[in-house]
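A.B. asks: Pasting a structure here, questions to come.
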Amino acid sequence: MAYDLIIIGTGAGGGALLHRLKDSGKKILVIERGHFLPQEKENWDTTAVFKENRYHTDEVWKTEGDKDVHPGTGYWVGGNTKVYGAALFRLREKDFEAFEHYGGLISPEWPVKYKDFEPYYMEAEELFDVHGLAGDDPTAGYRSGPYPHPPLSHEPQIQEVHDALVAYGVRPFYMPMGVRRNEADKINSPCIKCNTCDGFPCLLHAKADADINCVRPALKNENVTLMIDTKVTRLHTDPSGRRVVAVEVEREEGTQMFEADIVVVAAGAINSAALLLKSANEKHPNGLANSSDQVGRNLMKHHNLAMLGISSKLNPTSFQKTMAINDFYWGDDEFPYPMGHVQLLGKSNKQMLTLDAPGFTPGFALDEMATHSVDWWMTGEDLPQAENRITVEGDTIHIAYTDNHTEGFNRLADKWTHIMHEITDGPHTMIPHSIYMKKTIPIEGVAHQNGTCRFGTDPKTSVLDVNCKAHDLDNLYVVDASFFCSSGAVNPSLTIVANALRVGDHLLKEMGVVKAAVAPEVIAHA
C-alpha cells in the first residue's frame, strides 16, 4: 500500500511532526512498535514502575565485554514521553554556538541557531502545555512572548528552600513543566499535582505527552492511519540507492511492505541509528545514509546524578518538581567552564529508595529518609565522541560508551552539596543539618539519548542536512534527537519537538502544501 508519507515512531519527534502535517491533506501512515499504554492502577505503583520495570522493554542490548544492558526505554504510542518528567527547557542561545569546556574540549557549533528555533520553541511550548515564567531563568535566551501558562506554584517546604537559596545569592526559577494543570481552578484541573509524575505514566492523562497532545488528536483526521504493534525491520532503496522505496515491518500477521514518497524515521536516537545500520545494502554497504561513517557515532546521553538531601525536618511535598537552577551552567568565578544544570526531582518514597539500599537497611529507616528528603537532579553536557556509538550485530543493539569530560559536572555536584550544607547550617532557612546521598545513572539509563545522526552542512562529517534529510538519500528524514550536534545540559524534549515542527514546515513545502498547519491558538498567541 502506498502513502504520501510514513512516520516511524510516535515519540516527541514523530508525534510533533504528525501534529504539523495532519491537516496537509496528505495520506500519512504512522508506524509504532508498541501500543497504547494502558490506564491502570499500576501507572502509579512505584514497585510496578521502578522495580518491575512494567513499562520498559524486556529486550536486551549489549555493551563492552558482551555484558547485557536492560535499557530503561519503552515502546508505546507517545514513546518515552509517556513516562518522562515533562521538564521542557529550551537550549541556551550559546548552546547553538561553539564554546570551550575544561581541558580545551569544544562543544561544536550547530548549523541552525537559536533565532531560527525560537518561533518553533514558542509553538512547542503551546503544543505541550508548558507552564513557566518568562524572564525568570537568568540564562534563558530571547523570547518572543510569554509562556502559554503560568508557573506551577511551590509547595511550602520547596518555597522555603527557594527563599533560602535566594538569600544565599542563588537565582532559582520556576521549572518549565508540560502538564495539563489549571492553577486558578484546581478542583477542575486535569493535573492534580500528585507525587507520581516524574518517571510514572499519568493515570489521568494530565501529563503533556506526544500521545495525548499530538497523536490522538491527529487520528481524528481521515488522512492519518496509525499502525501499532508493528516493528520496522528494514528500509529498502531503489537500484540507484537514492530513494527509500519500501518500509519493511514485522506484525503478528507476518512481514509486510509499505511504500511512501517520503519516509521519516523517529524511533529515538539509538533505535533510529540501529535501523539505518540494519538497512545496509549494495549501494549503502555501511548502513543507510552512512557514507560519512557517522551513523550511530557521537552518542550523547548527558552526565546525570540524583542527590537526596536528608533532613530531620519532614518534607510533606507532593509535587516537588517546580524549581531549577542554572547559575553554574556556564561555570563560576572559580571555574570559568560549563558545569551544568540543577533541578528538583519528583518526590522519592520508601519503595524507590529500597531499590538502591543495602539489603540490611531497615524499612523504617528508608521510610524516614524518604519522608525527610529534598530530591535533586543534576545534568551536565556530554560532548560528542566518535567512539561512543551504536552498532548492530544481527538484531542486537550494541552500545560502546565511555564518560568524557566529567570535571565540570563533578564540580557542579560538589558545589551544590556545599551550597546545601551552607543554607542548612547557616541562618538562611529553618531546615536542620542534612546529609546527602548521590547516585549516578548507569548506561541502562538511556534517557536524553541524542546525537547518533547529527545534522550539518558537510556530507563528509554529518548524516543529515540542515532540514534533517539524509545527505545520501532524496526522501529520507530523521526527526528525533539523533540530529543533535551537542547535548547542552538541559532536558532535550522541547528541542526535539521544536525541530520536528521546523522540519514539518519544510516538508509541507516539499509536498506542495502552501500554508503550514498552525493551530489557531498558536496564531492568536503570536
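The values are calculated or read from the model by the stated rules, or taken from the named source; none is laboratory data. Values in this document were obtained by computation on a predicted structure and should not be read as measured data. Every residue, glycine among them, receives a Cβ derived from its backbone with ideal geometry; neighbour counts consider all protein chains shown. All accessible areas refer to the heavy atoms of the entire protein, side chains included, with ligands and DNA or RNA removed. Shrake-Rupley method; radii C 1.70, N 1.55, O 1.52, S 1.80 Å.
A.B. asks: Counting only residues 5 or more places away or on other chains, whose amide H sits under 5 Å from the amide H of residue 149 once H atoms are built in the peptide plane?
C.D. replies: Amide H neighbours of residue 149: 132.
A.B. asks: Report the calculated FRET efficiency for residue 393 and residue 243 (r = Cβ-Cβ distance, R0 = 45 Å), to the nearest 0.05.
C.D. replies: Working: r = 28 Å, r/R0 = 0.62.
For R0 = 45 Å, the calculated efficiency reads 0.95.
A.B. asks: Let me ask another. Excluding residue 324 itself, calculate the net charge of residues whose Cβ lies under 12 Å from the Cβ of residue 324, where each Lys or Arg counts +1 and each Asp or Glu counts -1.
C.D. replies: Combined, the nearby Lys, Arg, Asp and Glu give -1.
A.B. asks: Okay, next question. Using label points projected 7 Å from each Cα along Cα→Cβ, tell me how many nm separate residue 444 and residue 236, to one decimal.
C.D. replies: Using points 7 Å along Cα→Cβ, the separation is 3.9 nm.
A.B. asks: Using a ≥ b ≥ c from the Cα gyration tensor of the stretch 203-347 (square roots of the eigenvalues), is it rounded, prolate or oblate, where a/c under 1.5 gives rounded and otherwise the larger of a/b and b/c decides, a/b for prolate?
C.D. replies: It comes out oblate by the Cα gyration axes.
A.B. asks: Taking the Cα centre of each part, how many Å lie between the stretch 303-345 and the stretch 182-213?
C.D. replies: What the calculation gives is 23 Å, centre to centre.
A.B. asks: Let me ask something else about it. Which value, in debye to the nearest 20, gives the size of the charge dipole of the chain about its Cα centre, when Lys and Arg are +1 and Asp and Glu are -1 at the Cβ?
C.D. replies: Using only the charged Cβ atoms, the result is roughly 720 debye.
A.B. asks: Which is farthest toward the positive dipole end of the chain among 512, 463, 146, measuring Cα position about the Cα centre, with Cβ charges +1 (Lys, Arg) and -1 (Asp, Glu)?
C.D. replies: 512
A.B. asks: Ok, one more. Using a 1.4 Å probe on the protein heavy atoms, what percent of the accessible area of the chain belongs to carbon and sulfur? Please list the in-between numbers first.
C.D. replies: Numbers: 10670 of 20660 Å².
Whole-percent figure for carbon plus sulfur exposure: 52.
A.B. asks: Same structure, new question: I need the per residue convex hull volume for the stretch 469-516, using only the alpha carbons, in cubic angstrom as a whole number.
C.D. replies: 70
A.B. asks: Oh, and also: Would you please state the base-10 log of I(q)/I(0) at q = 0.13 1/Å for the chain, with intensities from the Debye formula using one equal scatterer on every alpha carbon?
C.D. replies: -1.34
A.B. asks: A further question follows. Spin-label point model (7 Å from Cα, Cβ direction): what's the residue 220 to residue 187 distance in nm?
C.D. replies: Going by the 7 Å Cα→Cβ label model, 2.8 nm.
A.B. asks: Check the straight Cα-Cα distances from residue 313 and name the lysines below 26 Å, setting aside those fewer than 8 residues away within the same chain.
C.D. replies: The reachable lysines, counting only those whose Cα sits under 26 Å from residue 313, are 193, 321, 347, 350, 415, 438, 439.
A.B. asks: Now for a different question. How do 418, 284 stack up against each other in accessible area, from largest to smallest, with a 1.4 angstrom probe?
C.D. replies: Numbers: 418 95, 284 20 Å².
Greatest to least solvent exposure: 418, 284.
A.B. asks: Still on this model: Find which of 127, 63, 6 sits farthest along the positive direction of the dipole of the stretch 1-155, computed with +1 on the beta-carbon of Lys and Arg, -1 on that of Asp and Glu, about the Cα centre.
C.D. replies: Farthest along the dipole direction, towards plus: 6.
A.B. asks: Add +1 for every Lys or Arg and -1 for every Asp or Glu among the other residues with Cβ under 13 Å from the Cβ of residue 201, and state the total.
C.D. replies: With Lys, Arg at +1 and Asp, Glu at -1, the neighbours total -2.
A.B. asks: So for the pair residue 313, residue 115, with labels modelled 7 Å out along Cα→Cβ, what separation do we get in nm?
C.D. replies: Result for the modelled spin labels: 4.7 nm.
A.B. asks: I've got another one for you. Could you tell me how many degrees, from 0 to 90 and to the nearest 10, lie between the Cα long axis of helix 269-278 and the main elongation axis, the longest principal axis, of the Cα atoms of the chain?
C.D. replies: 30
A.B. asks: Then there's this: All other residues with a Cβ under 11 Å from the Cβ of residue 415 taken together, and with Lys, Arg as +1 and Asp, Glu as -1, what is their net charge?
C.D. replies: For residues surrounding residue 415, the net value is -4.
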